[in-house]
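Presented below is the structure to which this report refers.
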Amino acid sequence: MKELLIESKGIKTSEYFIPAFELRKGELLLIHIHGTVCFYEMKAELTDIFTGKTQHENVKILHALTFAENFKESRFERIFNSITVSRYLKRNTNLHEDSVPKIFKENGISKNDKVKSLDYSQKKLLSLYSVFTKTKNIVFDLSGEGSVGAIKTFDFVKNEIKNDGAAILIDWAGSDVKDKCSKFIAIEWLIEPKKR
């Protein structure tokens, strides 16, 4: 049996319940949050638990995960000195090579591109790639991506973790990838979820 990273006896609030689960090396777990406008708040709460920023009495973190943050650029940089892919990689990865990774070539990204000019899926791949140079255990989402981009992102993560990593996908969609996940957990609402 592969190494245990997270053991949850269940996460319960006054509004919802997420059933018990374990996350082991090589697994990709989907936590499906559906039916609410509070997705981003719930994702932030869960991310804080899985990354070890917040402790939860029913969740044992043996190895904290890392969240793949979306790209952010200051207004000053955006106007006067926009960040290129090459500069982003030098700042945010543990790599010392100057070549462009295969995943970028496959998705039309070059090292001279301005990151602000990339589409949302390309930015997500850039962020995920930089995290994977440091760790193979991540939390991520597919929010903001179209169906084609979301599948590419999902497949990239699944390929990166297959040997010695693990991932938790927190998402409200998930129907396209549900069958590709090692485990699927659906939120159980204890009250009527807040609708849009």
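The values are calculated or read from the model by the stated rules, or taken from the named source; none is laboratory data. Just so it is clear, the structure is predicted and the values come from calculations on it, not from any experiment. Neighbour counts are summed over all protein chains in view; Cβ atoms, including those assigned to glycine, are modelled from backbone coordinates with ideal geometry. The area values use the complete protein model at the heavy-atom level, side chains included, leaving out ligands, DNA and RNA. Shrake-Rupley method; radii C 1.70, N 1.55, O 1.52, S 1.80 Å.
Indicate the gyration tensor shape class of the stretch 21-94 (rounded, prolate or oblate), computed on the Cα atoms with a ≥ b ≥ c the square roots of the eigenvalues: a/c under 1.5 is rounded; otherwise a/b larger than b/c is prolate and the rest oblate.
Details: a/c = 2.59, a/b = 1.76, b/c = 1.47.
The shape class here is prolate.
Roughly what would the spin-label model give for Glu22 and Ser147, points 7 Å off Cα along C-beta, in nm?
Going by the 7 Å Cα→Cβ label model, 3.6 nm.
For Met1 and Asn58 in the same chain, what is the full-extension length gain: residue separation times 0.36 nm, less their Cα-Cα distance, in nm? The partial results should precede the final answer.
Working: separation 57, 0.36 × 57 = 20.52 nm, distance 2.23 nm.
Contour length minus Cα-Cα distance gives 18.3 nm.
Find how much the distance from Glu69 to Thr13 grows on full extension, using 0.36 nm per residue of separation minus their present alpha carbon separation; answer in nm with one decimal.
Value of the extension gain: 17.6 nm.
Suppose we keep just the DSSP beta bridges with both residues in the chain; what percent of those would be antiparallel, to 5?
Once the DSSP bridges in the chain are tallied, antiparallel ones form about 45 percent.
Between Asn159 and Ser86, how high is the FRET efficiency from 1/(1 + (r/R0)^6) when r is the Cβ-Cβ distance and R₀ = 22 Å? Nearest 0.05. Show your work: numbers first, answer last.
On the way: r = 24 Å, r/R0 = 1.07.
Taking R0 as 22 Å, the efficiency between Asn159 and Ser86 is 0.40.
Give the angle, between 0 and 90 degrees and rounded to the nearest 10, that separates the Cα long axis of helix 120-132 from the longest principal axis of the Cα atoms of the chain.
Value to nearest ten degrees: 80.
Counting residues in the chain as N, plug N into 2.2 N^0.38 Å and put the Cα Rg over that result. Display every interim value, and only then the final one.
Numbers: Rg = 17.4 Å, N = 196, 2.2 N^0.38 = 16.3 Å.
With N residues counted in the chain, Rg over 2.2 N^0.38 Å equals 1.06.
I'd like the carbon and sulfur percentage of the solvent accessible area for the stretch 131-177, probe radius 1.4 Å, heavy atoms only, ligands and nucleic acids excluded.
Numbers: 880 of 1800 Å².
The nonpolar share, carbon plus sulfur, comes to 49 percent.
Averaged per residue, what accessible surface does the chain expose to a 1.4 Å probe, in Å²? Write out the running numbers ahead of the final one.
Numbers: 10440 Å² over 196 residues.
Spelled out: the 1.4 Å probe surface of the chain, per residue, equals 53 Å².
Under the rule of -39500 (n - 2.57) per DSSP H run of 4 or more residues, summed and divided by the residues of the chain, what mean residue ellipticity at 222 nm is obtained, to the nearest 500 deg cm²/dmol? Walk me through the intermediate numbers first.
Working: 6 runs with 59 residues, N = 196.
That calculation yields -9000 deg cm²/dmol at 222 nm.
As I understand it, the value is the acute angle between the Cα axis of helix 39-50 and the longest principal axis of the Cα atoms of the chain; what does it come to in degrees, rounded to 10?
So the helix axis and the longest Cα principal axis differ by about 90 degrees.
Ordering Lys60, Lys136, Lys25 by accessible area with a probe of 1.4 Å, largest first, what comes out? Could the numbers behind the result be given before it?
On the way: Lys60 110, Lys136 70, Lys25 30 Å².
My answer, sorted largest first, is Lys60, Lys136, Lys25.
When the solvent-accessible surface of protein heavy atoms is calculated with a 1.4 angstrom probe, in what order do Arg24, Arg87, Arg75 fall, highest first?
Values: Arg24 40, Arg87 65, Arg75 170 Å².
Per-residue accessible area, sorted high to low, gives Arg75, Arg87, Arg24.
Cross-link list Lys2/Lys72; Lys60/Lys105; Lys9/Lys90; Lys111/Lys158; Lys60/Lys134; Lys102/Lys180: which exceed 29 angstrom alpha carbon to alpha carbon?
Values: Lys2/Lys72 35 Å; Lys60/Lys105 39 Å; Lys9/Lys90 40 Å; Lys111/Lys158 24 Å; Lys60/Lys134 22 Å; Lys102/Lys180 23 Å.
Correct reply: Lys2/Lys72; Lys60/Lys105; Lys9/Lys90.
Using Cα pairs under 8 angstrom and six or more residues apart, how large is the relative contact order of the chain, in percent? Could you put the intermediate results ahead of the total?
On the way: 315 pairs, mean separation 73.5, N = 196.
Reported as a whole number, the value is 38 percent.
Among Leu118, Leu126, Leu65, which one shows the biggest mean-square fluctuation in a GNM of the chain, springs joining Cα atoms closer than 10 Å?
The residue that fluctuates most here is Leu118.
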